[in-house]
Amino acid sequence: MKTLSRHTQLFQRTLHKRAMSTTQLFINGEFIESQATEHIEVRNPATQEIVTRVPKTTQHELDEAARSASHAFREWRKTSVLSRQRKMLDLQHAIRTNMDVLAESIVNEQGKVLGDARGDVMRGLQVVEDMANITHYMQGSKLEVSSDMDTYTVREPLGVVAGICPFNFPAMIPLWMFPVALATGNTCILKPSERDPGAAMILARLCADIGIPRGVLNIVHGAHETVNFLTSDARIRAVSFVGGDKAGKYIYERSAQHGKRCQANLGAKNHAIVLADADKEHTLNAIAGAAFGAAGQRCMALSVVVLVGEAQLWVKDLVARAQQLRVDGGLEPQADIGPMISPEALRRAEQLVQSAHDEGAQIVLDGRGIKVAKYPNGNFLGPTVIDNAKPHMQCYRTEIFGPVLTCIHADSLDEALELVNANAYGNGASVFTRSGACARRFESEVEAGQIGINVPIPVPLPMFSFTGNKASFLGDTNFYGRSGVNFYTQLKTVTSLWRKQDASHRQASVHMPTIH
């Protein structure tokens with residue numbers, strides 16, 4: 001039987017009592033109650049019950065977090081890479097041991113079905129496991145550039161860094177950020193989403209359990225004022241962000257104005273081109289899972305399918321696959337799709353579906369108004385399929401961020417590629433085909449950062465990096481893997497001269513010394 005840590009056992013015992021409780025801060029190794037006078041309610045998306053209240057961290061508390069992180073950096077940067085590697089190994093073990101605790105928190109706050117919540121944790125865990133390879137990532141290079149002269153590089157941490165996280169991956173995105181920052185010798189201030197901070201707080205407890213020193217990881221909460229602090233305080237050297245376009249552009253520009261590095265993953269409109277020669281059963285199942293899983297609330301969700309030629313006849317089959325998916329509360333054993341994060345998100349998605357109808361597209365499967373008997377107050381939108389959409393329509397141009405699949409028809413691969421490349425976003429794109437030649441052409445010509453060939457959600461594993469581009473990313477250096485290490489470090493180049501003639505190679509003399 002797996003043994004839970006003391007902190008996590010306490011969390012489990014109190015999880016069911018959290019209604020009307022207040023989420024704590026984690027500053028200088030201590031879980032503390034905020035002195036904030038304003039709070040944000042976190043509600044279970046399936047029931048609308050209050051899970052917790054999140055404080056809008058005060059300016060004094062934000063300053064204390066930055067002071068703590070800055071002070072801790074002085075010693076943490078001096079720890080050996082082997083010591084930091086050991087902490088990553090300990091952290092991955094702690095996360096794996098407490099997988100279900102993390103997943104249950106995600107279901108209660110974010111609404112994902114339990115299996116998908118476990119996947120959320122697992123994809124973050126893989127980043128931690130990859131950071132056990134930090135001894136390789138931190139290696140520099142050396143070259144003898146002249147006689148007795150060497151030039152070599154040393155990779156060093158930046159200092160205090162910040163992470164600002166979205167609601168849709170409460171475990172994975174924090175784990176994209178702070179483990180990479182810590183493994184490279186930085187200290188971190190993390191702001192989880194104010195909509196679902198529970199998973200990040202459990203991760204903080206696990207870090208305390210494994211002996212991450214005080215101040216190395218700090219967690220603060222809030223909204224606009226907290227973001228303003230993290231993007232302007234002089235002690236913070238770099239900011240990582242994942243979320244929507246408006247917030248991302250604001251954070252990127254504000255960080256740049258204050259001289260900080262910034263990496264920002266923004267919105268997406270991921271396409272799949274389906275050619276008529278594709279394996280039909282595999283393609284239909286892959287598209288249904290990628291379009292409707294996690295209630296469509298993924299930055300790599302497959303939101304547009306471009307049906308080429310005879311594949312246009314597959315729309316009714318896509319609808320049939322979607323109708324097989326069960327919409328229910330996330331902890332229900334047979335649930336495939338859970339609720340959306342909030343009533344506001346639900347209304348927005350429903351309005352975008354209505355706009356498709358108003359602009360002339362056909363709603364061939366309408367998930368609006370779906371009723372889930374056990375959860376009458378849930379933010380549920382059933383799988384929705386829009387057919388015959390056009391590029392000018394709002395349902396195509398806007399990221400819906402819900403379980404909505406938009407179908408567009410094309411007569412050729414040429415037309416399909418032109419359509420995909422004209423889209424402003426560049427997170428990911430996929431093609432489904434049995435033709436190696438078509439797949440190779442797609443790979444070469446499509447303008448997106450992450451490409452799937454018969455793969456619907458081509459999110460790279462952490463030994464690579466997340467490489468969204470175009471309007472889906474702001475910055476120069478991407479998340480996790482080698483790119484993540486580069487983002488959180490800077491190179492120092494040293495040129496040294498040690499002359500051979502300055503070394504003494506003479507043997508000891510046994511003769512009587514004489515004076516000349």
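The values are calculated or read from the model by the stated rules, or taken from the named source; none is laboratory data. Note that the structure is a prediction, hence the values are computed from the model and not measured. Please note: Cβ atoms are built from the backbone with ideal geometry, for glycine as well, and neighbour counts cover all protein chains shown. Surface areas here come from the heavy atoms of the whole protein model, side chains and all, with no ligands, DNA or RNA. Shrake-Rupley method; radii C 1.70, N 1.55, O 1.52, S 1.80 Å.
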Under 8 Å for C-alpha pairs, at least 6 residues apart: give me the relative contact order for region 195-262, rounded to a whole percent. 26 percent
Once you place label points 7 Å from the Cα toward the Cβ at Ala437 and Glu415, how far apart are they in nm? 2.1 nm
Could you work out the relative contact order of region 178-294, using alpha carbon pairs under 8 angstrom and six or more residues apart, expressed as a whole percent? 18 percent
If unit charges are put on Cβ atoms (+1 for Lys and Arg, -1 for Asp and Glu) and the dipole of the chain is taken about its Cα centre, the option from Ser147, Met122, Ile287 lying farthest towards the positive end turns out to be Ser147
Across Lys78/Lys191; Lys249/Lys492; Lys316/Lys371; Lys374/Lys470; Lys280/Lys374; Lys87/Lys374, pairs whose alpha-carbon gap is larger than 32 Å: Lys374/Lys470; Lys280/Lys374; Lys87/Lys374
Dipole in debye (nearest 20) - the chain, about Cα centre, beta carbon charges: Lys, Arg +1; Asp, Glu -1: 1620 debye
Förster-model FRET efficiency, 22 Å R0, Lys316 and Thr398, C-beta, rounded to 0.05: 0.30
I need to check one value: relative contact order of the chain, counting alpha carbon pairs closer than 8 Å and at least 6 residues apart, in percent. 17 percent
Whole-angstrom gap from region 260-293 to region 320-342, using each part's C-alpha centre: 19 Å
Take each of the peptides 484-492, 122-130, average the number of other beta-carbon atoms within 10 Å over its residues, and list them starting from the highest. 122-130, 484-492
Report the FRET efficiency, 1/(1 + (r/R0)^6), for His282 and Ser355, where r is their Cβ-Cβ distance and R0 is 30 Å, rounded to 0.05. 0.40
Exposure of His357 as accessible area (Å², to 10), given a probe of 1.4 Å and all protein chains: 110 Å²
Identify which of the listed values of Rg/Rh (Cα atoms, Kirkwood Rh) was calculated from the structure shown: (1) 1.04; (2) 1.06; (3) 1.29. (2)
Which of His511, Thr52, Thr184, positive extreme of dipole for the chain (C-beta unit charges): His511
Inter-label distance for Glu49 and Met149, nm, one decimal - labels placed 7 Å from Cα along Cα-to-Cβ: 7.2 nm
Per-residue SASA entry for Asp476, accessible area with 1.4 Å probe, Å² rounded to 10: 150 Å²
Among Cys299, Asn469, Gly211 the positive-end extreme of the charge dipole of the chain (Cβ point charges): Gly211
Can you list residues from other chains, or at least 5 along the same chain, whose modelled amide H is less than 5 Å from the amide H of Leu190? Gly163, Asn218, Ile219, Val220
For the ranges 325-337, 234-246, what's the packing order if you count other beta-carbon atoms within 10 Å of each residue, average per peptide, and put the highest first? 234-246, 325-337
Here the FRET efficiency for Ser342 versus Ile32, based on Cβ atoms and R0 = 25 Å and rounded to 0.05, is 0.35
Output the peptides 144-150, 303-309 sorted from most to least packed, where packing is the average of other Cβ atoms within 10 Å over each peptide's residues. 303-309, 144-150
Taking only protein heavy atoms and a 1.4 Å probe, what accessible area per residue, in Å², does region 60-162 have with all protein chains in place? 42 Å²
What nm distance separates the two modelled labels at Asn388 and Leu491, each placed 7 Å from Cα along Cα→Cβ? 5.7 nm
